[in-house]
4 protein chains.
Amino acid sequence: VSHPFHSFLGTPASIAAFSENAILSHMLAFEAALAQAQAEYGLIPRVAAATIAEHCKVERYDVPALVAQSQRAGSVAIPLVNALRAMCGPVAADVHKFATSQDVIDTAMACATREVWRLIDTELSTLIAALLMRAAQHAASPLLARTLMQPAAPTTVGFKLVTWATPLVRSQRRLRALASDALAVQWGGAAGTAGATTPHAAAITQHMAHTLRLSAPDTCWHVARDAWIALGCEVGVLVGALGKIAKDISLHAQAEVAEFAEPDEPGRGGSSAMPHKRNPVGAMVALAAAYRAPQQVATLLATLPHEHERALGAWQAELATWPDLWITAHASVSAMASTCAGLAVNAARARQNLEIYAGVIYTGELDALCAPIAAATRQRCKVLASAD
Amino acid sequence: VSHPFHSFLGTPASIAAFSENAILSHMLAFEAALAQAQAEYGLIPRVAAATIAEHCKVERYDVPALVAQSQRAGSVAIPLVNALRAMCGPVAADVHKFATSQDVIDTAMACATREVWRLIDTELSTLIAALLMRAAQHAASPLLARTLMQPAAPTTVGFKLVTWATPLVRSQRRLRALASDALAVQWGGAAGTAGATTPHAAAITQHMAHTLRLSAPDTCWHVARDAWIALGCEVGVLVGALGKIAKDISLHAQAEVAEFAEPDEPGRGGSSAMPHKRNPVGAMVALAAAYRAPQQVATLLATLPHEHERALGAWQAELATWPDLWITAHASVSAMASTCAGLAVNAARARQNLEIYAGVIYTGELDALCAPIAAATRQRCKVLASAD
Amino acid sequence: VSHPFHSFLGTPASIAAFSENAILSHMLAFEAALAQAQAEYGLIPRVAAATIAEHCKVERYDVPALVAQSQRAGSVAIPLVNALRAMCGPVAADVHKFATSQDVIDTAMACATREVWRLIDTELSTLIAALLMRAAQHAASPLLARTLMQPAAPTTVGFKLVTWATPLVRSQRRLRALASDALAVQWGGAAGTAGATTPHAAAITQHMAHTLRLSAPDTCWHVARDAWIALGCEVGVLVGALGKIAKDISLHAQAEVAEFAEPDEPGRGGSSAMPHKRNPVGAMVALAAAYRAPQQVATLLATLPHEHERALGAWQAELATWPDLWITAHASVSAMASTCAGLAVNAARARQNLEIYAGVIYTGELDALCAPIAAATRQRCKVLASAD
Amino acid sequence: VSHPFHSFLGTPASIAAFSENAILSHMLAFEAALAQAQAEYGLIPRVAAATIAEHCKVERYDVPALVAQSQRAGSVAIPLVNALRAMCGPVAADVHKFATSQDVIDTAMACATREVWRLIDTELSTLIAALLMRAAQHAASPLLARTLMQPAAPTTVGFKLVTWATPLVRSQRRLRALASDALAVQWGGAAGTAGATTPHAAAITQHMAHTLRLSAPDTCWHVARDAWIALGCEVGVLVGALGKIAKDISLHAQAEVAEFAEPDEPGRGGSSAMPHKRNPVGAMVALAAAYRAPQQVATLLATLPHEHERALGAWQAELATWPDLWITAHASVSAMASTCAGLAVNAARARQNLEIYAGVIYTGELDALCAPIAAATRQRCKVLASAD
């Protein structure tokens, strides 16, 4: 149950990746992985681990009922672990052993995030490739640069597009590095010390990391969430870089400017009142994301000062905000990928809009003026294309 | 489909009020009300209005399918109006006549908001009554005031509780005034001028307002959203005032302080790792809300500079943020209402914690010192109790 | 000492109103008013009050040196009160009697805020008058409405301008009501109970309120800051409404649209690189404010959950954020007032841009179509003009 | 001229680094470096470069007067360049050649930021060293871990301190990497293409980078500000990590807990009302920063969608927000460095507070339980100490 604007500005894939079902499924995967790791190091019997793993299947649980108990319990882990223990009968005491709510929830969030990060990474590659291809095509097409919303000087379409692509390439790279740090198993136990599983704590973390395809961090990150939040910040930077593209498209696509247009497809960008309309709905999604993401990041940053060994309110606010940021980001990059793949460039109109300013903002022959800009564009396209 | 932390920090009633089903139901109610109003003023035939009203029942539509088309269309109104027109056959042209997407969506949002505002208003009254009752009981119970997190001077439990209640009473009053302005029919048509329905525009607005139990505004508020956003800001102020109560409860409930405690109920505030735990989960919900609401308000404010007669991105970002703010607020006030109704006050411990500072922060007999504070508390309780 | 962008996006008058000198001057005014009120009710000798008042002149103090001690002391009130006591010699003990840092600082902030609010209120009246005058002039001038950044339907220049003015009129009214509540004397003493001055607490508050031309609140608002922050929120709403005007001006002033232009004055909106440029610098200031104010408001809201009887960090963060919000707002309203007073409307071009769409977005004679919009504009101008 | 809370929550060094004088001085350094680079590549005569460099001394200019002209001009670069040209007489045309306002202002901001980043880096090293030293001392001192503000399980003082230090070490490392990318010369000219200086654009950038001790970026970053804003985000993460330390100190320093205390120094953390008070003013500064920085970062992110080749409002809002974030951050790290250097740990009291829970949250001998935590602490201290 969600409001209609969640889907409106999200994507089915990213919404599914953070759904109640998906998160509880990852939580059960954590419990199974923990039991296996603990069995490996003799902390619980192997047969108990097998029994637990057998019951770690989300379809065996009434997910909405468990979620409905979460607020009163203080954590969705409590009803889920209770339900799993009830399933496991005689080995109930080996379920979630030495673990705490935050271990299972943070790890599940890392698993879900990894999926959405990969979706984003793939779409980013598509978008970058589309921009570079088109930038190369239009490397030399003259375009009026505008500063402070007023005519400035000649540039080229290709130079503009490669300037859009540059932050995306860098952001993709930063996201990969940060994801590799931050998408990590959480293993700390009640106080974050992993004390009860000494001297096997690091080995258990690594075993789970291998099973769950996450990183194995040096230490528990219950309250040391800098890497996690730094990853979230970079998502915010990416949404801003995508918003810049959308803002420019919306300006170039104005009827009076008419230099760029979003793809013209049936059912896309109509109007309930005006049949002639062709609204830039790709830009709409990316701009809406750019209005929301800065504040989603701010909430994440505001939660960093956790109290003591687990926060009251801050961690929970982070959990509720995190999926929305990623869903927003995936919607934005998807919208820009499909928009830029079909972006219509009216090079003739662009040239015409610029030539009005011959003698005012430039003198001499336009193509000659644009030649070095075209050369720089082509050079930059090559550098960026080889960056992946 | 939503992430598990939506319910965790929300309430079933407020989530339902903004659900896809509820919003589309309100949108259909708008279309029916519009048709009736237009029939009243001769803009469409009465029989067409009756046919339209007949089909304005949400159960006749595949809501998820309509929502799924919204992003590509650029608005959920477009697929819904198309579906309604398909239902209405020969009178299709009288459906949504002279209207625009924003008319129907904004009005539907006003209807949903009215419901959640009423839920909040009711819970606020409950919470205020609980605080005033308990404040009167403990008007004279000595309590150590703390400033900058250090012991300061004597106060009383009742004085603290009435100080918590004071902003709630004022916020409830401001919310009522703002809701009466902001929960208004939207009627502007394609350009916000309502031009096509002249000279009946105001009458149509009033007719719809009467049917839908909303206010009839002086003018269309497509891009003049100050009253709407001012209402959202006051929700943010309320969440902050509730967060103050939660913060204090969490501090007084620390084991070393032990002056207040949240209600002790089965299944409430346990731990997946530590059976002895009694976590202040009411405070948790209200504090989580207080971490999130400021940024939700910031997003609303950031969307105010709409472009021209309807924004690209800003309006849509507002739509997606608005329900979350209200759901957050309802969860917070509900959590504080149930927590404060059962708040355990350990007056003996509070006195003992204060008496340590005899001769340091106060001299003389404690009860005598507290008498004027108790009197002020009782006086203030009376004033606030009569404010509703 | 401040960075150059403080003045760049501020105004000399609002910056001066919150300067170190101004705030410390208001703090001294509080101390004088407190001494007089306490003398009136026999809490200190009249002669002591006279001596104190004599020394409450900011030019007698080394303001930068006092401010430099504030961080270490934890409050600028501590070094200032120490300095004042040193001046007062034998009556030192009657200085700041029963008062706390927050009393003097909050009251001083209310005094400074009142000044800037009045500056804003005056500029708002000027701006509204300019918009209404021009709206009346251009009530019937046809203009293309744009939605989602695409051509939509006919409107008029006047209708657009009166739609800009409407939220300003309402915001001015809300600001006046909120300012009357929030610009209040702070009087609570160490624990916010004003206990030590019982039974004269209310009388002392009223006496000071009269002297300082502030409101006398029902109770101390140390930690019940809802009215104060609600006032700040409304400033955020105002900045958003001003940003909407600026956004539209920047779009209409694009070279390819050329319907509106900012005033052309020597030294205004040039370029260090391009002599032909005429940058819309009024819009720039108001848009920059609209990027900043939402987050300034969010910070204010985030500080609401004060701990106990005075916050550690939250109150201080509020103090540092508050002036910037008001300075930003005054710069925005001043920029829009001077811009709109000289706004150049190219009605011929506006008509021409619209007539391109004859047969597409409208049919028939344009002036006839616009007549009801013009009538609505004139009517609305009258209503708003009489609102002040 | 600034409000008193700027200094209250800032540091003299960071405020000076972004002062009007400092920024204009860096701007002049840019103009001198540009002239020298252009002379090197034959774009202006060497003698012109020498003349220009001679006049690039901030003390020759009336800085407040230039800043006062900046709003109307639309940029502080315009009056400064005009003044410099007036000084340079016959070579005026060689001043600021092919450059634009954004080149000189962004470069000056990078220079100022480098200074503050170095101040922060140095203080961070001091703070980390203090924490690791004290963590090693108290590696085995038992301490009650608290989760959701309730007693949880045993940990040690050293483990807590090394957990505080861990994010600081990582943040310092991320800041260094990001600073090396982001603290770069800006060189793009009117349209960001650096077209007029082809084929010497890259060489000129490198020459200036060498002179000004900044990085030489691959391309102009006028509107591709991802690296710059990513650096700002990491400052926000750092402030959050420092806020976590401050939050914990404020909780441990409560009178009823009394496990940690801030240093006791004359003039530190007193009260204007209560002589006995010892307020945790270091924590106050860092917590105030943690309330403000998230929103400062949000503003930076919100400005990313620049319009076209230079934004109207967004860039300017970024300029005004950037210094405040860095000043806030330097104040926070300085406050925590001095606080943690003198942090008083009451290990006996910490043990006593924990021993109350023998048999409830732990069984057996406390020191034996803590031994593996102590070992992990010592190991972690070594790893972190070698990270620098």
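The values are calculated or read from the model by the stated rules, or taken from the named source; none is laboratory data. The structure presented is a predicted model; accordingly, all values stated were derived computationally and were not measured. Cβ: placed from backbone, ideal geometry, glycine included. Neighbour counts: every protein chain shown. These accessible areas exclude ligands, DNA and RNA; they are computed on the full protein's heavy atoms, side chains included. Shrake-Rupley method; radii C 1.70, N 1.55, O 1.52, S 1.80 Å.
Maximal additional length on extending the D:A348-D:S180 stretch stands at 55.9 nm, based on 0.36 nm per residue less the C-alpha distance.
Normalised by the number of residues in the range D:1-156, the mean separation of alpha-carbon contacts (under 8 Å, six or more apart) gives a relative contact order of 22 percent.
Chain C packed on chain B takes about 5200 Å² of accessible surface away from a 1.4 Å probe, both sides summed.
If Lys and Arg each add +1 and Asp and Glu each add -1, what is the summed charge of the other residues whose beta carbon sits under 10 Å from the beta carbon of B:L9?
Numbers: positive: B:R292; negative: B:D324.
Cβ neighbours under 10 Å give a net charge of 0.
In chain A, the longest principal axis of the Cα atoms and the axis of helix A:46-55 are about 50 degrees apart. Amide H contacts of C:A184 (H built 1.01 Å from N, in plane; Pro and chain starts excluded): C:S215 sit under 5 Å, all sequence-distant by 5 or more or on other chains.
In chain A, the longest principal axis of the Cα atoms and the axis of helix A:366-385 are about 20 degrees apart. Taking chain D as the reference, fit the longest principal axis to its C-alpha atoms, fit the long axis of helix D:101-137 to the helix C-alpha atoms, and give the angle between the two in degrees, 0 to 90, nearest 10. Approximately 20 degrees, to the nearest ten. Counting Cβ atoms of other protein chains within 10 Å of each residue's Cβ and taking the mean over peptide A:138-146 gives 3.
Per residue of B:262-270, count partner chain C-beta atoms within 10 Å of its C-beta, then hand back the mean as an integer. Don't skip to the end; give the middle numbers.
Numbers: counts 0, 0, 0, 1, 1, 7, 4, 7, 8.
Mean number of neighbouring Cβ atoms from other chains: 3.
Relative contact order for chain C: what percent, with Cα pairs under 8 Å and sequence separation of 6 or more? Relative contact order of chain C: 21 percent.
Tally up the carbon and sulfur contribution to the accessible surface of the range C:189-332 as a whole percent, 1.4 Å probe, everything protein left in place. Could you put the intermediate results ahead of the total?
Numbers: 1560 of 2900 Å².
Ligands and nucleic acids excluded, carbon and sulfur give 54 percent.
Pairs spanning more than 28 Å between alpha-carbon atoms, out of C:K244/D:K247; B:K247/B:K277; B:K247/C:K97; B:K382/C:K97; A:K57/B:K247; A:K57/D:K244: C:K244/D:K247; B:K247/C:K97; B:K382/C:K97; A:K57/B:K247; A:K57/D:K244.
With a Förster radius of 45 Å applied to the C-beta separation of D:R173 and B:E265, the computed FRET efficiency comes to 0.45.
Peptide A:101-111 has a mean shielding of 2, counted as Cβ atoms of other protein chains within 10 Å of each residue's Cβ.
I'd like to compare A:68-76, C:28-36: which one has the highest average count of other Cβ atoms within 10 Å, and what's the full order after that?
Values: A:68-76: 23.1, C:28-36: 24.9.
Ranking, from highest mean packing down: C:28-36, A:68-76.
Taking 8 Å as the Cα distance limit and 6 or more residues as the minimum spacing, I'd like the relative contact order of the range A:258-338 as a percentage. Once divided by the residue count of the range A:258-338, the mean separation gives 31 percent.
Helix content alone sets the calculated 222 nm mean residue ellipticity of chain A: runs of n ≥ 4 DSSP H residues at -39500 (n - 2.57) each, divided across all residues, give -21000 deg cm²/dmol.
Please compute the net charge surrounding C:A50, taking Lys and Arg as +1 and Asp and Glu as -1 over other residues with Cβ under 14 Å from its Cβ.
Summing Lys and Arg as +1 and Asp and Glu as -1 gives -2.
Could you compute the net charge surrounding D:Q352? Neighbours are other residues with a C-beta less than 13 Å from the C-beta of D:Q352; K and R count +1, D and E count -1.
Around D:Q352, the charge tally is -2.
Label point 7 Å out from A:V47 along Cα-to-Cβ: which residues of the range A:76-108 have amide N under 15 Å? Residues A:89-94 fall inside that zone. Interface residues of the range A:71-99, defined as a loss of at least 30 Å² in heavy-atom accessible area between the chain alone and the complex of all protein chains with a 1.4 Å probe, are A:Q71, A:R72, A:A73, A:G74, A:I78.
Accessible area per residue, 1.4 Å probe, Å², for chain A: what's the number? Can you show the working numbers first?
Working: 11090 Å² over 388 residues.
I get 29 Å² per residue for chain A.
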